[in-house]
Amino acid sequence: MMTESNQSATTARISTYMLTIVLIVLALSIVALLFAVNAFLVGNEVVAGYLLIIGFIAMGLSAWLLFQSRRRVTNLKIEAPKIMTTIECLKCGFKSVREFQRGDYVYKELDKCQKCDDKMVITAIYKEVKEKEKSYNV
Amino acid sequence: MAFVPGGDIISQIIYAASILLFVVFMLYGQRIQMYVMIREVEASLYKLKFIKEEGRKITIETIKEIGKPQTDPAARVDRYLEYFTISPQSMDPAGIVYKLDHILDVRDTRLKDEVKIMAPASDDVQINNLENTLEAAMALNFIYKVVRHYYIQGKKTLSLYVIMQLQMILPLVMKEAEAYASALKAFAYGQPIGDGAGPLVAAKLMHGYETRKVPKDCVVATVPIEGRTAFIIKAEGPGGNVGKPGDAVQAVIEENEGKIANVIMIDAGLKLEGEGVGEVAEGIGAAIGGPGVDQYKIEDSLLKYKIPVNAVIIKEDIGDAVSPMRKEISDSVDKVIERLKNVILERTKEGDKIIIVGVGNSIGVGQ
């Protein structure tokens with residue numbers, strides 16, 4: 001319960017801060033776009049062009065900030081890796097892999113082998129990691 | 001008033017803005033940089049707080065699930081998270097190893113007793129696992145508090161250098177915190193961790209042979225390898241336990257009156273960036289981490305009888321060492337055994353007695 005309230009507090013804090021900045025930048029971009037329209041109607045096309053660029057850059061920036069805040073919130077997760085257990089018959093070599101179950105440990109004896117009736121043994125418990133590291137070619 | 005003679009209004013505004021920006025950055029550049037750093041540290045601090053709270057939650061849930069306590073263990077867990085250990089005074093370093101050993105023994109006993117009170121329905125294996133879970137939660141709590149301390153200090157003093165130092169080490173601190181967060185579940189469920197590479201090799205060598213207990217919290221099996229008699233030592237599993245390999249090696253050497261031809265130690269070793277996880281390397285010396293007590297005891301015994309010591313390490317980073325064991329590390333066991341056999345054939349004679357020690361946490365590794 002406590003963790004949930006803390007998490008929501010953290011999320012709210014980040015969102016409020018980001019939201020303020022996003023709103024300010026968004027308001028400025030709208031003002032710039034309105035000025036651009038006004039300048040275009042008056043016939044000052046160069047000024048309208050500048051204001052359009054400024055307006056769109058500001059809008060892009062606010063969208064980027066919003067994306068950043070969303071990413072920060074989704075980062076607040078502890079990922080539980082998938083753990084696999086390898087079960088082996090040491091007599092006939094029959095092997096099977098299943099997901100880890102509580103109580104599993106390496107060299108724990110399990111049920112009889114499907115092929116030779118000898119007891120199966122857990123020979124490995126591991127997680128598989130997909131390497132995200134960059135190759136630096138050095 | 002025109003800033004640029006003959007320029008239109010837009011050029012004037014841009015010119016004025018650029019001069020203003022230049023002045024602002026010249027006068028307040030460092031302060032702006034500091035605020036950016038503070039924001040970065042703050043974001044990491046929130047993440048650390050979340051991880052710490054998650055650790056606490058997992059610990060309490062595991063105690064409730066396994067230990068079936070009559071009362072809510074939350075208050076006791078909170079007290080436990082604040083535990084500290086004072087290392088012995090080192091002004092006169094003579095005898096400090098045994099003083100430290102004593103302090104660590106007292107700490108271990110105290111923590112185990114606390115866990116027994118918190119989780120009365122748990123057996124010895126579960127008590128060890130819960131102790132490890134609590135230690136990981138303690139580590140997370142400590143990391144959070146230290147980072148928060150420097151963050152607040154930096155904000156209070158507005159010192160760029162305090163904030164800068166914190167911001168510079170933050171990626172490493174976060175990596176360690178994430179590793180401990182990952183370790184929490186591994187300890188709670190009794191899954192082998194990367195640090196268990198040494199015990200895993202020892203377990204493979206001793207599997208099927210009779211084992212006996214040796215002090216403290218270790219097991220030894222007598223196994224014939226390549227015509228030699230090998231005493232294989234590891235911490236007793238499958239509970240989370242590193243044992244005291246120093247005492248175990250001393251005991252086995254004394255039992256054999258020092259007639260040991262070689263001691264080979266297998267441990268997880270820290271890899272450098274660019275090195276692969278699960279790579280195997282060979283060297284000389286007592287391969288064992290921790291506070292140094294066990295290394296001292298092993299070296300002391302080896303020196304007494306002039307016994308050579310060799311080491312085989314399995315490379316991994318700090319994150320891999322405390323989180324569930326990676327497949328590369330699990331797969332490296334056969335490579336280690338191959339290297340071990342080479343060392344045995346090259347460094348000892350047939351009929352010799354040798355000691356092989358699998359150093360590390362035996363969580364999730366039986367024998």
Listed residue (B:LEU270, B:THR211, B:GLY194) projecting farthest to the positive dipole end of the stretch B:182-294, Cβ model: B:THR211
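So if each residue of separation counts as 0.36 nm, and I subtract the Cα-Cα distance between B:ILE86 and B:ARG31, what length gain in nm does that give? The partial results should precede the final answer.
Details: separation 55, 0.36 × 55 = 19.80 nm, distance 3.89 nm.
Answer, rounded to one decimal: 15.9 nm.
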Could you work out how far the C-alpha centroid of the stretch B:238-273 sits from that of the stretch B:97-163, in angstrom? 26 Å
The stretch B:251-367: relative contact order from alpha carbon pairs under 8 Å, six or more residues apart, as a whole percent, is 41 percent
FRET E, pair B:ARG110, B:ILE318, Förster distance 35 Å, beta-carbon r, rounded to 0.05: 0.85
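Only four residue types carry charge here, +1 at the Cβ of Lys and Arg and -1 at the Cβ of Asp and Glu. Report the dipole size of the stretch B:182-293 about the Cα centre in Debye, rounded to the nearest 20.
Details: 10 positive and 14 negative charges, 63 e Å.
Dipole magnitude for the stretch B:182-293 comes out near 300 debye.
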Return the FRET efficiency for the residue pair B:GLU255, B:GLU279: r is the Cβ-Cβ distance, R0 is 25 Å, and the value is rounded to the nearest 0.05. 0.10
Taking amide H positions as placed 1.01 Å from N in the peptide plane, with prolines and chain starts having none, which residues 5 or more places from B:CYS218, or on another chain, fall under 5 Å of its amide H? B:GLU236, B:LYS244
For the stretch B:72-94 versus the stretch B:35-53, the gap between their alpha-carbon centres in whole angstrom: 26 Å
Virtual spin-label span in nm between A:LYS112 and A:ILE24, 7 Å along Cα→Cβ: 7.6 nm
Too long for a 26 Å Cα-Cα cut-off, among B:LYS213/B:LYS353; B:LYS213/B:LYS297; B:LYS47/B:LYS185, are none
If B:THR229, A:THR123, B:THR133 are placed from fewest to most neighbouring beta carbons inside 10 Å, the sequence is B:THR229, A:THR123, B:THR133
List, in the order given, every pair from B:LYS175/B:LYS204; B:LYS306/B:LYS349; B:LYS49/B:LYS156 whose Cα-Cα distance in the structure shown is over 22 Å. B:LYS175/B:LYS204
Eligible aspartates and glutamates near B:LYS341 by straight Cα distance, threshold 18 Å, same-chain separation 8 or greater: B:GLU226, B:ASP267, B:GLU279, B:GLU282, B:ASP331, B:GLU350, B:ASP352
Not counting the cut sites, what is the longest span of chain B without trypsin sites (Lys or Arg not before Pro) that DSSP labels loop and that have at most 13 other Cβ atoms within 10 Å? B:1-258
Compute all pairwise cysteine Cβ distances in the protein assembly as shown, then list the cysteines with no distance under 4.7 Å to another cysteine. B:CYS218
Lys/Arg Cβ at +1, Asp/Glu Cβ at -1, dipole of chain B taken about the Cα centre: which of B:ALA286, B:PRO120, B:VAL252 is farthest positive-ward? B:PRO120
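Determine the dipole magnitude for chain B: charges of +1 sit on the beta-carbon of Lys and Arg, -1 on that of Asp and Glu, nothing else is charged, the reference point is the Cα centre, and the result goes in debye to the nearest 20.
Numbers: 43 positive and 49 negative charges, 145 e Å.
Here the size comes out at about 700 debye.
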Mean separation of Cα contacts under 8 Å (at least 6 apart) over the residue count of chain B, i.e. the relative contact order in percent, is 20 percent
Name the longest site-free stretch of chain B, where the excluded sites are GluC sites (Glu not before Pro) in a DSSP loop with no more than 10 other beta-carbon atoms within 10 Å. B:83-209
From a point 7 Å beyond the Cα of A:GLU128 in the direction of its Cβ, which residues of the stretch B:154-196 have a backbone N at a distance under 15 Å? none
Residues with amide H under 5 Å from that of A:ILE83, placed H, sequence gap 5 or more: A:PHE100
Need the full-extension length gain, B:VAL24 to B:LYS155, defined as separation in residues times 0.36 nm minus the C-alpha distance. One decimal, nm. 45.0 nm
Residue by residue, what Karplus-based ³J(HN,Hα) values in Hz, rounded to whole numbers, does the stretch A:104-115 have, using 6.51, -1.76 and 1.60 with θ = phi - 60° and x for Gly and Pro? 5, 8, 5, 6, 7, 7, 10, 5, 6, 5, 5, 9
Hey, got the dipole for the protein assembly as shown? About the Cα centre, +1 on K and R Cβ, -1 on D and E Cβ, debye to the nearest 20? 880 debye
Placing +1 on each Lys and Arg Cβ and -1 on each Asp and Glu Cβ in the stretch B:118-234, then taking the dipole about the Cα centre, the residue among B:VAL220, B:MET168, B:THR157 whose Cα reaches farthest towards the positive end is B:THR157
Per-pair calculated FRET efficiency, R0 = 22 Å: B:PHE142 and A:LYS82 via Cβ, rounded to 0.05: 0.15
Determine, for B:VAL359, A:VAL25, the number of other Cβ atoms within 10 Å of each Cβ, and report the residues in order from fewest to most. A:VAL25, B:VAL359
Once you've got the Cα coordinates, tell me which of A:LYS108/B:LYS99; A:LYS108/B:LYS234; A:LYS95/B:LYS216 are over 26 Å apart. A:LYS108/B:LYS99; A:LYS95/B:LYS216
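FYI, it's all coordinate maths here, none of it is from the lab. This is a predicted model, so every value here is computed, not measured. As a convention, Cβ positions derive from the backbone with ideal geometry for all residues, glycine included, and neighbour counts pool all protein chains shown.
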